[in-house]
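Contents: one structure, followed by commentary.
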Amino acid sequence: MIRYGFLAFLFVLILSLFISSLSQAEVSLPTEAFLDSEGDYSELLADLEINPVDLNRAGVSDLLAIPWLSEKEAQAIVNFRRRHGPFESKDELSRIKGLDRELIESLRPYVIIHRPLPLTLKERLRVKQKNRLQGELLPHSLTLYQRLSLSAADKYELGLLVEKDSDERDLADFRTGYLQVERIAGIDQVVAGDFRPGFAQGLVFSRWSYSISDPRSPKKKDSSSVGYRSSVENGVLRGVFLKKSFKATQWALFFSQSRFDASLNEDGTVKTLLTSGYHVKASERAKKDLLSEKLTGGRFLYGARKNLKLGASFAFSSFNPPFHNYDLERKRYTFTGSKNSVWGIDWDIIWPNLNLYGEAASCSGGGKAVLIGTTSKIAEVKVSALARSYSRDFHSFHGSAFSASGKLYNETGLFASLVCSPTKNTDLLFYVDQYRYPYRRYHEPVPTRGDKWGLVVAHEFSRQADILLDLRSKYNQRFKEALGRRNNRIRLDASWSPDKRWRLRSRAEIVFLNFEDFRREQGLSAFLDFRISLLRSSIICGRLTTFKTNSYDSRIYEFETDHPGAAFSRFIYGKGVKWYLFVAQKMSWGKLSAKYRWQKTQKGKKCEFSLQLDLKIK
């Protein structure tokens with residue numbers, strides 16, 4: 001596996017040197033393709049809304065925190081500011097060549113032109129109803145999401161969030177909040193309440209409860225925000241966070257006492273952590289908040305030189321009740337005990353055309369994790385490579401880093417990617433990842449392996465029409481026999497936008513699934529969607545999709561237009577049709593949006609209606 005990984009990286013490097021002689025154009029590839037896998041990206045968007053990117057201070061790397069903004073578009077924003085001076089309003093984005101109206105509207109909630117205001121209040125209320133639209137609207141059947149943020153004079157920030165899932169009885173099933181104060185008593189930042197920091201590559205602490213891996217840029221960095229504003233229920237730390245900066249160093253120290261859902265053994269010890277956050281059934285409600293964790297954590301960062309950063313992080317946790325594992329065959333290396341400590345070091349070294357970064361961590365049980373990455377840019381050709389090794393007994397309860405499984409243990413792998421523009425109007429991405437699970441997992445009794453690669457080519461015929469070809473292949477071994485299966489996917493997108501007011505887009509996709517026991521499956525889907533902006537303050541968009549797959553295994557993913565702050569990638573399988581209609585109206589006091597979604601398969605009909613109100617008072 002290691003040999004093939006190095007050969008793949010060598011191939012990418014040679015290809016980059018060849019392509020670099022063809023063009024020096026900058027690269028612009030749509031991000032939706034890389035978010036288009038199973039997951040809820042609302043964590044990321046909620047963070048960006050509370051801590052938007054300042055258009056007058058941000059560099060290219062800061063702007064790339066917005067997931068659908070390409071490097072080419074981020075560079076265009078920076079170049080415009082350099083030529084024309086600071087932005088006076090967000091409307092000036094429309095003057096930048098290459099930013100269409102749809103992109104500008106999607107950017108607005110996540111960018112800001114910094115002006116200290118005495119008081120700003122933002123309120124969001126989202127109500128969603130599923131499958132009972134024709135019958136009685138029972139309160140417990142609604143999904144409710146309410147978030148309030150209040151900031152004053154760039155010094156104080158208050159965040160409150162209340163959320164319940166469908167069929168949960170408690171209207172405030174999940175509650176979280178924090179108070180953040182800047183520059184008080186000699187401390188740069190104090191956060192009291194719920195928080196979650198993210199450091200380096202995420203081995204010790206990650207801002208997200210799962211890894212969002214973009215093959216164009218696998219590197220992560222320290223999160224700029226700390227206060228918790230996600231509706232993910234089992235990822236929060238509750239306590240106090242302190243941060244202090246000196247001339248060449250930065251220090252952070254925090255303490256928390258939090259509770260998490262857990263499943264217990266008959267003797268009262270913890271069997272496993274639960275992450276779903278659903279409390280619908282009596283058995284689920286009985287497992288709520290059964291585990292208590294006391295944590296002391298910290299971070300030290302040295303950055304006296306602009307091109308060199310060195311850091312260290314640590315976490316000391318104690319659990320009550322303790323963990324105990326009785327399944328020594330399948331879960332031999334699962335965490336056992338009442339105490340765990342994790343510490344790590346990280347580095348970030350930058351030369352003119354080369355960036356070396358990484359993180360190494362160890363836990364009290366002896367488990368280790370290492371992630372080493374490099375990115376180089378040669379004549380506007382960007383080459384990235386990343387190697388990781390997570391031992392089977394590495395335990396980091398608040399970490400999340402680059403991985404194929406989404407876990408931080410029992411995985412080794414090599415990743416490489418290349419991004420370039422072979423012609424002025426063509427952008428290309430190629431990536432490959434080979435990985436292995438050296439020790440048995442829950443279902444697989446032997447070591448297993450996998451690989452995935454992708455090729456994305458985007459071509460712009462004119463400012464009105466473009467096309468995208470996305471080829472992906474993934475191999476993995478599963479279940480007791482550890483049989484392998486290869487999933488190949490071909491996707492073709494075409495869009496036409498005769499002017500800034502409307503756009504048409506179509507997609508055709510086919511999935512081929514080949515099992516090593518000689519079974520074959522396939523999936524097909526096609527959609528047509530539209531977006532209309534007849535007025536500057538209103539948007540109407542919709543999509544009609546038809547699909548047919550042999551089973552759930554050959555499912556197809558789609559990323560839909562949704563309410564501000566909500567971002568879900570949904571999958572479809574079976575045979576059926578679905579459509580949705582989304583309407584948003586911007587007003588002087590905020591925004592009102594509504595979405596209706598309908599789907600029909602052999603199992604019946606599903607419908608969903610949601611309404612969101614965003615209120616902003618200055």
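The values are calculated or read from the model by the stated rules, or taken from the named source; none is laboratory data. Please read these numbers as outputs of a predicted model, since none were measured by experiment. In this analysis, Cβ positions are derived from the backbone assuming ideal geometry, glycine residues included, and neighbour counts consider all displayed protein chains.
What residue, of Glu509, Glu444, is closer than 24 Å to Asn550 by Cβ, touching a residue at least 12 places away in the same chain (Cβ under 8 Å) and over 25 Å from the mean Cα position of the chain (by Cα)?
After ruling out the rest, the residue left standing is Glu444.
Could you check the range 388-399 and list, in sequence order, the residues that are in contact with a Gly (Cβ under 6 Å, 6 or more places away or on another chain) and outside any loop (DSSP other than H, G, I, E, B)?
Selection gives Arg388 alone.
Could you go through the range 521-543 and let me know if any residue there is acidic (Asp, Glu) and under 24 Å from the mean Cα position of the chain (by Cα).
Here is the first cut: in the range 521-543, the ones acidic (Asp, Glu) are 521, 529.
Right, trim to under 24 Å from the mean Cα position of the chain (by Cα) and you get none.
No, there is no match, as no residue in the range 521-543 is acidic (Asp, Glu) and under 24 Å from the mean Cα position of the chain (by Cα).
Return the residues of the range 462-475 that are out of contact with any Leu (no Cβ under 7 Å at 6 or more places or on another chain), free of Cβ contacts under 8 Å to residues at least 60 places away in the same chain and in a strand (DSSP E or B); say none if nothing qualifies.
In the first step, residues of the range 462-475 are kept if they are out of contact with any Leu (no Cβ under 7 Å at 6 or more places or on another chain); the result is 462-468, 470, 472-475.
Within this subset, residues satisfying the condition of being free of Cβ contacts under 8 Å to residues at least 60 places away in the same chain are 462-467, 472-475.
Those that are out of contact with any Leu (no Cβ under 7 Å at 6 or more places or on another chain), free of Cβ contacts under 8 Å to residues at least 60 places away in the same chain and in a strand (DSSP E or B): Ala465, Asp466, Ile467, Arg472, Ser473, Lys474, Tyr475.
Going by the structure shown, is Glu460 among the acidic types (Asp, Glu) and buried (at least 21 other Cβ atoms within 10 Å of the Cβ)? Even if it seems obvious, please write down each step before you answer.
Numbers: among the acidic types (Asp, Glu): yes; buried (at least 21 other Cβ atoms within 10 Å of the Cβ): no.
Answer is no for this residue.
Tell me yes or no: at least one residue of the range 415-438 is of a type in the set (Lys, Arg), under 27 Å from Thr334 (Cβ atoms), touching a Lys or Arg at 6+ places or on another chain (Cβ under 7 Å) and not in a loop (DSSP other than H, G, I, E, B).
Step one: list which residues in the range 415-438 are of a type in the set (Lys, Arg), which gives 424, 436.
With under 27 Å from Thr334 (Cβ atoms) added as a condition, the list becomes 436.
Among the residues that remain, those that are also touching a Lys or Arg at 6+ places or on another chain (Cβ under 7 Å) are: 436.
If we keep only those that are not in a loop (DSSP other than H, G, I, E, B) too, we end up with 436.
Checking the range 415-438: at least one residue is of a type in the set (Lys, Arg), under 27 Å from Thr334 (Cβ atoms), touching a Lys or Arg at 6+ places or on another chain (Cβ under 7 Å) and not in a loop (DSSP other than H, G, I, E, B).
Taking the options Glu163, Glu123, Glu182, name whichever one is buried (at least 18 other Cβ atoms within 10 Å of the Cβ), charged (D, E, K, R) and either in contact with a Cys (Cβ under 7 Å, 6 or more places away or on another chain) or at pLDDT 85 or above (or both). Walk me through it before giving the result.
Numbers: Glu123 fails: buried (at least 18 other Cβ atoms within 10 Å of the Cβ); Glu182 fails: buried (at least 18 other Cβ atoms within 10 Å of the Cβ).
On inspection, the qualifying residue turns out to be Glu163.
Looking at the range 508-540 only, could you name the residues that are hydroxyl-bearing (Ser, Thr, Tyr) and either closer than 28 Å to Lys474 by Cα or not in a strand (DSSP E or B) (or both)?
If we filter the range 508-540 for residues that are hydroxyl-bearing (Ser, Thr, Tyr), which is where we start, we get 525, 533, 537-538.
Ser525, Ser533, Ser537, listed by residue number.
Yes/no per residue for (1) closer than 22 Å to Val53 by Cβ; (2) in contact with a helix residue (DSSP H, G or I) (Cβ under 7 Å, 6 or more places away or on another chain); (3) assigned by TED's automatic domain parsing to the domain that holds Ser276:
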| residue | (1), (2), (3) |
| --- | --- |
| Leu161 | yes, no, no |
| Asp170 | no, no, no |
| Asp173 | no, no, no |
| Tyr178 | yes, no, no |
| Pro197 | yes, no, yes |
| Gln201 | yes, no, yes |
| Trp208 | yes, yes, yes |
| Asp214 | yes, yes, yes |
| Lys219 | yes, no, yes |
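Of the residues Val370, Val457, only one is assigned to a strand (DSSP E or B) and without any contact (Cβ under 8 Å) to a residue 24 or more places away in the chain; which? Outline the logic, then answer.
Details: Val457 fails: without any contact (Cβ under 8 Å) to a residue 24 or more places away in the chain.
One residue alone meets the criteria, Val370.
Evaluate the following for Ser364: is it under 25 Å from Trp453 (Cα atoms), over 21 Å from the mean Cα position of the chain (by Cα) and not aliphatic (A, V, I, L, M)? Before you say what the answer is, go through the steps one by one.
Working: under 25 Å from Trp453 (Cα atoms): no; over 21 Å from the mean Cα position of the chain (by Cα): yes; not aliphatic (A, V, I, L, M): yes.
In short, no.
May I ask you to say which residue of Ala379, Ala369 is at negative phi and either small (Gly, Ala, Ser) or surrounded by fewer than 17 Cβ atoms within 10 Å (Cβ to Cβ) (or both)? Write out each step before concluding.
Numbers: Ala379 fails: at negative phi.
When all the criteria are applied, what remains is Ala369.
Is there a residue in the range 65-75 that is among the hydroxyl-bearing types (Ser, Thr, Tyr), within 24 Å of the chain's Cα centre (by Cα) and exposed (fewer than 14 other Cβ atoms within 10 Å of the Cβ)? Walk me through how you get there before you give the answer.
Kept after step one, since they are among the hydroxyl-bearing types (Ser, Thr, Tyr), are these residues of the range 65-75: 70.
With the extra rule that they be within 24 Å of the chain's Cα centre (by Cα), the set shrinks to 70.
Subsequent filtering for residues that are exposed (fewer than 14 other Cβ atoms within 10 Å of the Cβ) retains none.
Among the residues of the range 65-75, not one is among the hydroxyl-bearing types (Ser, Thr, Tyr), within 24 Å of the chain's Cα centre (by Cα) and exposed (fewer than 14 other Cβ atoms within 10 Å of the Cβ), which makes the answer no.
For Leu242, all conditions in the list (1) under 24 Å from the mean Cα position of the chain (by Cα); (2) under 25 Å from Asp54 (Cβ atoms) hold save one; what is the number of the exception?
Result: Leu242 fails condition (1) only.
Look through the range 331-340, keep the residues that are within 29 Å of the chain's Cα centre (by Cα) and in a loop (DSSP other than H, G, I, E, B), and return whichever of them is surrounded by the fewest Cβ atoms within 10 Å (Cβ to Cβ).
Our first condition is that a residue be within 29 Å of the chain's Cα centre (by Cα); within the range 331-340, this holds for 331, 333-335, 340.
The next check asks that each one be in a loop (DSSP other than H, G, I, E, B); those that pass are 331, 333-335.
Values: Lys331: 16, Tyr333: 18, Thr334: 18, Phe335: 24.
Restricting to residues being within 29 Å of the chain's Cα centre (by Cα) and in a loop (DSSP other than H, G, I, E, B), the top hit is Lys331.
Here is a check on your reading of the model: is Arg147 among the basic types (Lys, Arg), within 30 Å of Glu608 (Cβ to Cβ) and touching a strand residue (DSSP E or B) at 6+ places or on another chain (Cβ under 6 Å)? Walk me through how you get there before you give the answer.
Values: among the basic types (Lys, Arg): yes; within 30 Å of Glu608 (Cβ to Cβ): yes; touching a strand residue (DSSP E or B) at 6+ places or on another chain (Cβ under 6 Å): yes.
Yes: the conditions hold for Arg147.
Assuming Ala200 fulfils every condition listed in (1) surrounded by fewer than 18 Cβ atoms within 10 Å (Cβ to Cβ); (2) under 24 Å from Tyr178 (Cβ atoms); (3) hydrophobic (A, V, I, L, M, F, W, C) apart from one, which condition is it?
(1)
Does Ser217 qualify as being small (Gly, Ala, Ser), closer than 30 Å to Val457 by Cα and surrounded by fewer than 18 Cβ atoms within 10 Å (Cβ to Cβ)? Give the derivation first.
Values: small (Gly, Ala, Ser): yes; closer than 30 Å to Val457 by Cα: yes; surrounded by fewer than 18 Cβ atoms within 10 Å (Cβ to Cβ): yes.
Against the criterion (small (Gly, Ala, Ser), closer than 30 Å to Val457 by Cα and surrounded by fewer than 18 Cβ atoms within 10 Å (Cβ to Cβ)), Ser217 qualifies.
Based on what the data block shows, is Ala304 within 26 Å of Ala360 (Cβ to Cβ), among the small types (Gly, Ala, Ser), assigned by TED's automatic domain parsing to the domain that holds Lys243 and modelled with pLDDT under 95? Talk me through it step by step, then tell me what you get.
Working: within 26 Å of Ala360 (Cβ to Cβ): yes; among the small types (Gly, Ala, Ser): yes; assigned by TED's automatic domain parsing to the domain that holds Lys243: yes; modelled with pLDDT under 95: yes.
Against the criterion (within 26 Å of Ala360 (Cβ to Cβ), among the small types (Gly, Ala, Ser), assigned by TED's automatic domain parsing to the domain that holds Lys243 and modelled with pLDDT under 95), Ala304 qualifies.
Give the residues of the range 442-457 that are among the aliphatic types (A, V, I, L, M) and either farther than 30 Å from Ser497 by Cβ or at pLDDT below 90 (or both), sorted by residue number. Explain how you work it out, then say what you get.
Of the range 442-457, the ones among the aliphatic types (A, V, I, L, M) are 446, 455-457.
Of everything in the range 442-457, just one residue is among the aliphatic types (A, V, I, L, M) and either farther than 30 Å from Ser497 by Cβ or at pLDDT below 90 (or both), namely Val446.
Report every pair of residues separated by at least 6 positions or lying on different chains whose Cβ atoms are under 9 Å apart, first residue within the range 82-97 and within 21 Å of Ser70 (Cβ to Cβ) and at pLDDT 85 or above, second hydroxyl-bearing (Ser, Thr, Tyr) and part of a helix (DSSP H, G or I).
From residues that are within 21 Å of Ser70 (Cβ to Cβ) and at pLDDT 85 or above, there are no pairs.
Go through (1) under 23 Å from Thr275 (Cα atoms); (2) in a strand (DSSP E or B); (3) at pLDDT below 95 and name the single condition Phe402 misses.
Phe402 satisfies every listed condition except (2).
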